[in-house]
Amino acid sequence: MWKKITDAGIVLCAAGIAVYVAVWVENGWRWPLFGVFMLAALVALNDLIDQFTPHRREKKYGSMNGAGGRIRELILLDEDEKPVKAWDLAGRVSMLIGRDNPQEPVDVDLEECEYSALIDEQHAVLNYCMDTWYVEDLHSRNGIRVRKADDGLCYRITTGRPCRLSPGDLIFIAKTKLLIT
C-alpha cells in the first residue's frame with residue numbers, strides 16, 4: 001500500500017516540477033529539464049500502473065502463482081544431489097539458515113550436515129518480499145554462492161546485497177547444497 005502511495009506522490013511531484021520548469025524557467029535549460037522531470041513522472045506512473053494491474057505485471061515478470069514460477073520449498077541435498085530434508089516455505093516471510101543453538105534458534109538447521117563446522121550459527125537468511133524470495137549473507141565467515149538455474153553460472157553473494165531466487169536455483173553454504181523448488 002505504501003509503495004502505491006509513494007509512487008503516486010512521485011508522479012505528482014515530477015509532473016508538477018516539469019510544468020513549473022516549462023512555465024517559469026527563463027533560460028536555455030527549460031526543455032531539457034522539462035524532459036527529465038516528465039520522464040521521471042512516466043517511469044513512476046508505469047510502476048504505479050503495474051501495481052494496480054496484476055495481469056500486466058505477470059506478463060512482464062512472469063506469474064508467481066503458476067506451477068513453474070512459485071517457490072514452495074527449500075530442499076537439503078546430499079553429495080549425490082539426493083534430497084535429505086525439506087522445509088516448506090508456504091506462509092513464511094523469512095527463514096534463518098545456520099546452526100541451531102538454545103539461545104538463538106534457526107529455521108533451517110544445518111548442524112547435522114557433513115560440513116557444519118564451516119557454517120555460522122546465523123549464516124544466511126531467506127526473505128520474501130514483493131512476491132519474490134531473496135537470499136542474503138549475514139556476514140558469514142565462508143560466504144554463500146548461488147548457482148542460477150537460468151544460466152547455470154555460480155555467483156558469490158556479497159554481504160548486504162540480496163540475491164533474487166528462482167525455482168531450480170542452488171544455494172551453496174560451504175559445501176552444503178540447498179535447492180529452491
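The values are calculated or read from the model by the stated rules, or taken from the named source; none is laboratory data. Since we're looking at a predicted model, the values are computed, not measured. Surface areas here come from the heavy atoms of the whole protein model, side chains and all, with no ligands, DNA or RNA. Shrake-Rupley method; radii C 1.70, N 1.55, O 1.52, S 1.80 Å.
Among the protein heavy atoms, those of T158 account for about 90 Å² of accessible surface (1.4 Å probe, every chain in place). Accessible surface of the range 68-142, 1.4 Å probe: 47 percent of it comes from carbon and sulfur atoms. Quick check: Cα centre of the range 129-152 to Cα centre of the range 79-95, how many Å? After rounding, the separation between the Cα centres reads 14 Å.
Quote to one decimal, in nm, the extra length available between Y20 and Y128 on full extension: 0.36 nm per residue of separation minus the C-alpha distance between them.
Going from the current span to full extension adds 34.8 nm.
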